[in-house]
Structures are given as C-alpha cells and as structure tokens.
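Here's the structure we're looking at; comments come further down.
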Amino acid sequence: MIVITNEFTASGNKEGFESLPQIVNSLSAGPSNVKKVRHSLKNLCFYPPSATVLNPLIDQFKHQLKDQTKCFKLLCHHLITHAPLASSSSQTGDFINTLSKTICDMKKPAKSIGDLYRVFFYFCFYTPSMQPMLIDTISKIITVDLSFLTKKKKKNKLLGSSHKSHVPELILECVQLLVEIPNFETSVRDLFQKEGIVDGFINIYKSFGMEYKRSILTFLSNIKSDSQIVQVPPPLLDIINPEDNIIDNISTANYLINHHEKFSTQIISILEKKNVPSTNLLQYRLLLKSGPSQVIYDSIAAQIEPQECNLLPLLKFLEKSPRGTVSPEVERTLYAACQDNNITLALISFMCVCFISDETDWICNFFVDTMKKLSHTARFSLVLMLTRSWVEALDHPENKTFVRALFEKLIMEFGDCIDQKIYNAFLEKVIQSGCTDDFMEVFRDALEKLPSIESVIYILFGASTLRQHADPSIFAEFLEVAKVYMETAGPAMLSFYEMTLAKSAAD
C-alpha cells in the first residue's frame, strides 16, 4: 500500500488529488457521477485503510451491486483492504448476509462473482461471529449442481452453457481461498461434516481443468496427516488418477508426501523420472517424512547436477544417513561445485563434501578461507546453516571428527557469528550423542589460545552447559585454563565467569 505523506495530502485537493474527507463525501453521494466515484477510488489507493471510509465503501457497493460500473472491481479491492476493520462498522453483519445471498443465488449468479466472493471471504475472515456463515456458503458452492456443464446451450436458459455461466469462476475462487480459511483445522473439520461436501469436491475435481485440481490438492495438502482434529476423508485420497499429468506437478508434491504410504507407487514413479519439476521437492520432503532409502539416493544420484535445487536433497540425505561413500560421479560433481563462482552453490557442495571426505585439513582450510571472503551477514548465515547441519550430523558417531574440527575453527576465529538459539540446540545434541568430552577439550584448547571476547563468552557458556556430563578430569583441566585467563580479564568477563563457572571451580 502506497501512502502519500501528510504534507502532500493535508492541504486537500492539490492538482486533482483528493483529501480523505473529500473521498468520503464522494463515495457517500451515491453512484450518480461514475467518473467522480472512480476518481475518488483511485485516490483512495494512496491512503492506508481507514474506519471512516468503510461505511461509505459499503454504501457505494450496495448502489453498484446490481448495475456494476467500470470501477466495481476497484471498489471490491478497497473493501478487501478495509476488511481488517470490519468490526468497526455496524453494517458488517447485514453486508455479509447480503453478500452470501447474492453469491448463493445460483439461478442468477452475479457478474464479477469472483470479486464478490473475495470480499465476502475476507469480511468473514475478520469477523469471527460470521465464520460459521463462511463455512455454510463454501459448502453450498462446493456442492452446487454441475449438470449445467453437460447441457446444450438453449435460449433463455437461466444458467446457459458452461462458457456463459459465472459459476465456474465462483467455484475456482472458492477452492483457491480454502487454504486461507480462519482456524483452519477446526473450520475444515466443520466443512467436511456438511452433507455432500466430499462428493462435491470429487465432482469438481473430475469436471474441471488443472487449475481446479491443483487448488483442491493444495488445500488438501495443508491438512496435516498427524492432525488430531481433521483428516482427509478416504474418498478424497482416491481422486488422483495415476496417469494424470498433475502427478508430476510441484503443487501436488506435498499432498503425495503427506500420504506417502498411499501413493508410494506414484512417488517412486516420479523419482525415477528425469527433469520433472516436483522431483527435488519430493526427494527432500520424503527424506524428512520417512528417512533415507536407496530409492531416494538413486533418484538424487541420477539427476545430480551443480545446482542448489539438486544438491539440497543430497545434503539432507547425507545428514540423515550413516557416513559412507557416494558414487565417484557424485563426488566429482561436489568437489567441482565447491570451486563454483556461485557462492551459495559452492557452500552447499562444501557441506555435502564434509559428509563424504576424510580430508579434515582441506575441509577446515576451505571453511576458514571462505569465511574470510564473506561479509559479516553472510558469515552469520553460513554458520547458521552449518550448525543446523551439525545437529543432524551428530546422530551418527562417524561424523564427529569433521564436526569437531570445524567447530574448533568456528569457536576460535568466528565466535561473533554464532546464533545463541541454534548453539543451545547444538550443545544439547553434543550431550545426547555422548561426545561431551571431545567438545570440552575443544573449549579448553581454544581458551588457552586467547580467542576474541565473543568466542570466550560462548566457550564459557558451552563449558557450563556440558560440565555435568563431562569427565571430571577434563572439566578440571578446563577450569585451570579458565582461572589463568581470568587473571587478566576485565570486570564484565569476570562477572560472566562468576555466573557460569565460578561455582563449579569452588566445588
């Protein structure tokens, strides 16, 4: 929303630009002067939504509902942008009722029915007391009789032929907005309880084209498979035709993955294909849902190319798999991509290499050299990606070597790039994976080398977190190094030491 400064608008009509009071007066005067109303609606685009404008907009809408002028779509746009203020108008309840009746009059559907429905939807969205009416109206739209689609065009027929009817436009608008239903799970549960609603979805899916199908599947994919409130009704799981081209579409991927046991055959079929838009998303989501498998690896390896979208599924596969070898072709691709001018591609490739290479010195040198080339913001982002990856890597003991080596470089040289939240998660995983002593040794050795102040803070915090799980002798060695460091530390660092480790030292 573009907002004109107060200096420009306060003086009122300046070179044809109307003030907000002038716009309100114009809209309140009715549609007698269409050009004047249209001019006011255009000027209103430069103001943020205001409660003083809402009632005049509703009044103007009522005037234009039957005989819509050229500015009707713009009027609907402004009503939608003002919908968050619906509770401020005493007309809202009656306005929503009028919209619902107009939309549901299938015998004589209004022009611009899609715009009408959007206005109705968002006013209901921001008016909780009217949300049951929204569900009822959606139910009526989804269960509408579609027999008009097969009828021949006849003169004076109310609905006429399919290309004359506004009903398909209404249905499409309705199914596209289903993903935005307020209180999604409970509202969808109530919707599925309506009579004939499941058959309605099936009829729409079978009767209309790809855009309708994708919208329905996108809606269904938003229903979590583990939800305790609502589940996809079984008949809707059978609406997909395995031979349908929509199977290969990205919009369908989440739906297939959410019900991967049901669609295992279709998923495997897609994974075996090349150059299918949904393949990378299916690979990634399937790894998150059901873990690594040979089928997924074969699919990734068969399509391995130096592109971020191809390497991200491989990275996730390596994070979730025991450390092992990959095919020589994949390895060559990764090492080559590490030298790419595309820094994002190079970094993702490097993260993959960490899981397959035993060249720890090369890994550490690449990390340090790359970090020195980046801005602080870019360094922070890379460290965030790495530490998240390490959390998963430590699920497998074989990855401890490279994680420890990189973490030592990080805590020693780039402590100002660490994110506290993910650092806490990393320390918890260190404890869970049983390698507390290894990282306590890292803290001891790093502190002895006098790193930056930021690094010292994370070292002390990390040691205080791990101390109860570390070997007492190793922790004692760390405390000795910490005492020596504190002999020359400033008041702030001494205070932090007192809060974290001094008690342990006394004990």
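The figures follow:
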item: All positions within the stretch 69-91 that are part of a loop (DSSP other than H, G, I, E, B) and surrounded by 17 or more Cβ atoms within 10 Å (Cβ to Cβ); result: Cys71, His82, Ser89
item: The stretch 279-306: number of residues that are more than 22 Å from Arg323 (Cα to Cα) and either buried (at least 23 other Cβ atoms within 10 Å of the Cβ) or touching a strand residue (DSSP E or B) at 6+ places or on another chain (Cβ under 6 Å) (or both); result: 2
item: Unique residue being surrounded by 15 or more Cβ atoms within 10 Å (Cβ to Cβ) and not aromatic (Phe, Trp, Tyr) when the list is Glu398, Glu359, Glu329, Glu392; result: Glu392
item: Residues of the stretch 196-206 classified as in contact (Cβ under 8 Å) with a residue 40 or more places away in the chain and surrounded by fewer than 15 Cβ atoms within 10 Å (Cβ to Cβ), total; result: 2
item: Count - residues of the stretch 324-341 that are within 23 Å of Leu282 (Cα to Cα) and of a type in the set (D, E, K, R); result: 2
item: Tabulated pairs, the stretch 277-302, first more than 20 Å from Pro328 (Cα to Cα), second outside any helix (DSSP H, G or I) and of a type outside the set (S, T, N, Q), C-beta under 9 angstrom, 6+ apart or interchain; result: Thr279/Lys273; Leu282/Val276; Arg285/His260; Leu286/His260; Lys289/His260; Ser290/His260; Ser290/Glu261
item: Hey, Ile58 farther than 30 Å from Ser19 by Cβ, outside the structural domain of Leu170 (by TED's automatic domain parsing) and more than 28 Å from the chain's Cα centre (by Cα) or not; result: no
item: Ala253 being among the aliphatic types (A, V, I, L, M), over 22 Å from Leu217 (Cβ atoms) and modelled with pLDDT under 90; result: no
item: Selection count where residues are crowded, with 19+ Cβ neighbours inside 10 Å and in contact (Cβ under 8 Å) with a residue 40 or more places away in the chain, scope the stretch 414-434; result: 4
item: Odd one out for Thr52, checked against (1) in the same structural domain as Asn25 (by TED's automatic domain parsing); (2) of a type in the set (Ser, Thr, Tyr); (3) crowded, with 16+ Cβ neighbours inside 10 Å; result: (3)
item: Filter result (among the hydrophobic types (A, V, I, L, M, F, W, C) and farther than 18 Å from Asn241 by Cα) within the stretch 264-281; result: Leu281
item: Some residue of the stretch 380-392 being in a loop (DSSP other than H, G, I, E, B) and among the hydrophobic types (A, V, I, L, M, F, W, C); result: no
item: Flag for Asn342 being at pLDDT below 90, touching a Cys at 6+ places or on another chain (Cβ under 8 Å) and not assigned by TED's automatic domain parsing to the domain that holds Glu413; result: no
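The values are calculated or read from the model by the stated rules, or taken from the named source; none is laboratory data. Because the structure is predicted, anything quoted here is derived from the model rather than measured. A quick note on method: Cβ atoms are made from the backbone with ideal geometry, for glycine too, and the neighbour counts reach across all protein chains shown.
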